[in-house]
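Peer 1: Take a look at this one; I'll ask things after.
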Amino acid sequence: MAVRIRLRRVGRKKTPVYRIVVAESTSPRDGRFIETIGQYDPRASEGGLNVDTARANHWLDVGAQPTDTVRSLLRRAGVLKQRHEARVARKRQGDAVPVGENEASESA
C-alpha cells in the first residue's frame, strides 16, 4: 500500500483546523492514520503552521508521497528547501576533487 502525507480536518463547523498526518492512501480523509506530524490553521494570520521537520523528513525518506496541498505547506515551512540543499551539498561533496598540497603550492 502507498503511504501519503495529507490533511485531516478537525475543528468546529466553519472554523477548520487541519492536522498533517501520515496515512494509507486507501483510508478515508478523517479515518485511520499512522502518525501526526503537524498542524495547520488556515484562519490564523501568523503561526498557523506547525510541522515536526524531523518526522516529516523521515517519512519523505521512507517514500511517503505528500498531497499537493501538503507539499505547498511543507514548502512554506522550509522542509523541502532543507532537503533540496542537503541533497545538492551531498552531490557537490561527491563531485569535488581534492587538491594535493604539492599542486596547491606549485600554482601559488
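Peer 1: Restricting to the range 37-51, name every residue that is in a strand (DSSP E or B), surrounded by 15 or more Cβ atoms within 10 Å (Cβ to Cβ) and of a type outside the set (A, V, I, L, M).
Peer 2: Taking the range 37-51 as the starting set, the residues that turn out to be in a strand (DSSP E or B) are 37-40, 49-51.
Add one more test, that the residue is surrounded by 15 or more Cβ atoms within 10 Å (Cβ to Cβ), and what stays is 37-40, 49, 51.
If the condition is that a residue be in a strand (DSSP E or B), surrounded by 15 or more Cβ atoms within 10 Å (Cβ to Cβ) and of a type outside the set (A, V, I, L, M), then Gly38, Gln39, Tyr40 are the ones that fit.
Peer 1: Same structure again: Which residue, of Arg32, Arg19, is among the charged types (D, E, K, R) and under 19 Å from Arg75 (Cα atoms)?
Peer 2: None of the others qualify; the one that does is Arg19.
Peer 1: So which of Ala86, Ala56, Ala104 is modelled with pLDDT under 90 and within 19 Å of the chain's Cα centre (by Cα)?
Peer 2: Only one candidate passes the filter, namely Ala86.
Peer 1: Scanning the range 1-36 for residues that are small (Gly, Ala, Ser) and in a strand (DSSP E or B), which turns out modelled with the lowest pLDDT?
Peer 2: Ranking the candidates gives Gly11 first.
The values are calculated or read from the model by the stated rules, or taken from the named source; none is laboratory data. What you are looking at is a predicted structure, and each value in this text was computed from that prediction instead of being measured. Backbone-built Cβ (ideal geometry, glycine too); neighbour counts: all protein chains shown.
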